[in-house]
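Presented below is the structure to which this report refers.
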Amino acid sequence: MTRRRYEVVVEGTSDLTPGQEAHWREYEFRGKPGDPRRRPRQFAPYHLRLDWLMWFAALSPGYAEPWFTTFAQRLLEGDRDVSRLLRHDPFREEPPRYVRARLYRYRFTTRTERARTGDWWVRERAGEFLPPVTLRGSRLAR
C-alpha cells in the first residue's frame, strides 16, 4: 500500500527522569515488526485491531489523535485489558513511570544483510510520535 513503511514504536521506563540516559523498554505488538530480529508475522484473514490502528497512526498521526493518548494513559495505569492486546508488556508487574512513542522507517534487510546479522528488518529513527508522558493524578502530563 505504501512505498515506505513507517512504524510507531512505544516504549516505557521506570526511571525517575525520561532523558536519554533512561532505560527504555519496548512494548511488542503481535503483528507489527518491532524488534528487527523478529520474523515477520502474518495474520489472516483478519487484522489485529490495535496493530491495524498503529499502522494507520504511523501513516497519518492525525488519525491517532482520538485514541493514542488514551492508549498511552492505559499503559501508564497498567491496564490489564490493554496489556492483553500486546505480544509482550515489559511492565507486566508494575506500570512504567513514563511512556513515549517514536516513529521509525522500516525496510526488509537484503539477503546479504540478513545472512550477516540475522535481522529481518532495518529500522532508522524518523522522528518523535509522542514525547515522554507520565500520569499526574488521573491525567497525562509531559
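List of remarks:
- Ordering of 115-126, 46-57 by burial proxy (mean other Cβ atoms within 10 Å per residue, highest first): 46-57, 115-126
- Net length available on complete extension from Thr70 to Ala141 is 24.3 nm, with 0.36 nm assigned per residue and the Cα-Cα distance removed.
- Estimated at 0.36 nm per residue, the fully extended path between Glu26 and Arg84 surpasses their Cα-Cα distance by 19.4 nm.
- For Arg92 and Arg39, a Förster radius of 25 Å and the Cβ-Cβ distance give a FRET efficiency of 0.60, rounded to the nearest 0.05.
- Given in Å, the Rg to one decimal and the Dmax to the nearest whole number for the Cα atoms of segment 5-141 are 15.2, 51.
- Dipole of segment 5-141, positive end: most advanced residue of Phe56, Ser14, Leu135 [Cβ charges, Cα centre]: Phe56
- Gain on full stretching of the segment that runs from Glu128 to Tyr46 - 0.36 nm per residue minus C-alpha separation: 26.6 nm
- With contacts taken as Cα pairs under 8 Å at a separation of at least 6 residues, the chain carries a relative contact order of 31 percent.
- Segment 76-93 - phi-based ³J(HN,Hα) in whole Hz, Karplus 6.51/-1.76/1.60, Gly and Pro as x: 5, 7, x, 4, 5, 5, 5, 4, 5, 7, 9, 6, 8, 10, x, 10, 4, 7
- Helix 49-59 vs. the chain, principal-axis angle (Cα, 0 to 90°, nearest 10): 80 degrees
Any read-out appearing in this document is the output of simple, stated calculations on the displayed coordinates, not a laboratory observation. Quantities reported herein were computed from a predicted structural model and do not represent experimental measurements. Here the Cβ is made from the backbone with ideal geometry for all residues, glycine too, and neighbour counts use every protein chain on show.
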